[in-house]
Amino acid sequence: MIVELGLYRRMLGATVRSLMQHRVSFFMQLISATLITLVEFGALVLVLQRFDGVGGWSIGEVAMLYGFVAASFKLLETVGAGFDPHDFGDQVRLGRFDQILLRPAGLVTQVLAGKFDLHRIGQVVEGFVIFGVGVALAGVVWTPEKLAYLPLVFVGQMAFFAGLYLMGSTITFWTVDAIEAMNVLTYGGQEMMSYPMHIYQPWLRRTFTYFIPAIFLNYYPALYLLDRPDPLGMPAWAPFIAPLVGLALLLVAWRFWRFGLRHYQSTGS
């Protein structure tokens, strides 16, 4: 493990140095990515002001949901860009994944260090800022238990999105190109988690409760932080399983990844 971490650090350093060879391009991408999130959230605020919130939730409460899931997803996109199904599908299709398999180094380490979307770091910071503003506006009453639980929720969200990325990448072993349905679960899941889940149609809530359990990763922890009652009547432990749900999905995805590796056949590129 220590050897792999050292290797990851050196490979990541090389990747970052290569990004810095084109600093103007890098900073332009950094600014544009940050502005995209800012404009999207600004548009949301304008809508919420017009309708005085959504589903009984104020602007501050929705900002908490929006900012927290944005920070976790964008951080995953930053450090886990190598497993983005679209990028990974290109590696499989062009034969670059075969080269990775032949190198005397950890497979996951190589994939993670091979692509690092540092220009998204502004969106991560922006997500935390939006979350902080939302907390202030919503008047969250902090307790030691809430402060201790918050980082675990963040880890659970990152594990959840990492699991979806890993599943999408594994599927490309057979499809070669990424399937767009994964975007429904990754980008679509992020969008859904940015709003109170009780506003959606029952069939959609059931899908993201029992099939893809995204409801436990942002909405229910927010209910706990805000001391809000549960309008959906889930068990009392529902707000506290975010880390378990995220890690469980990542474990399932890891097993699927190992299965895919055992049955991988080169494209011959």
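No lab work stands behind these numbers, since they all come straight from the coordinates. Quick caveat, the model's predicted, so the values are computed rather than measured. A quick note on method: Cβ atoms are made from the backbone with ideal geometry, for glycine too, and the neighbour counts reach across all protein chains shown.
One chain, two ends: Ala181 and Leu261. Fully extended at 0.36 nm per residue, the span grows by 26.7 nm beyond their Cα-Cα distance.
Rg ratio for the chain: its Cα radius of gyration over 2.2 N^0.38 Å, N being its residue count, equals 1.06. Using 0.36 nm per residue and subtracting the Cα-Cα separation, the extra length available between Arg50 and Leu247 on full extension is 67.1 nm.
Estimate the FRET efficiency between Leu38 and Leu107 by the formula 1/(1 + (r/R0)^6), using the beta-carbon distance for r and 41 Å for R0, to the nearest 0.05. That gives a FRET efficiency of 0.65. Backbone geometry of the stretch 69-80 corresponds, through the Karplus equation with coefficients 6.51, -1.76 and 1.60 at θ = phi - 60°, to 3J(HN,Hα) couplings of 6, 5, 4, 5, 5, 5, 5, 5, 5, 6, 8, x Hz, x marking Gly and Pro.
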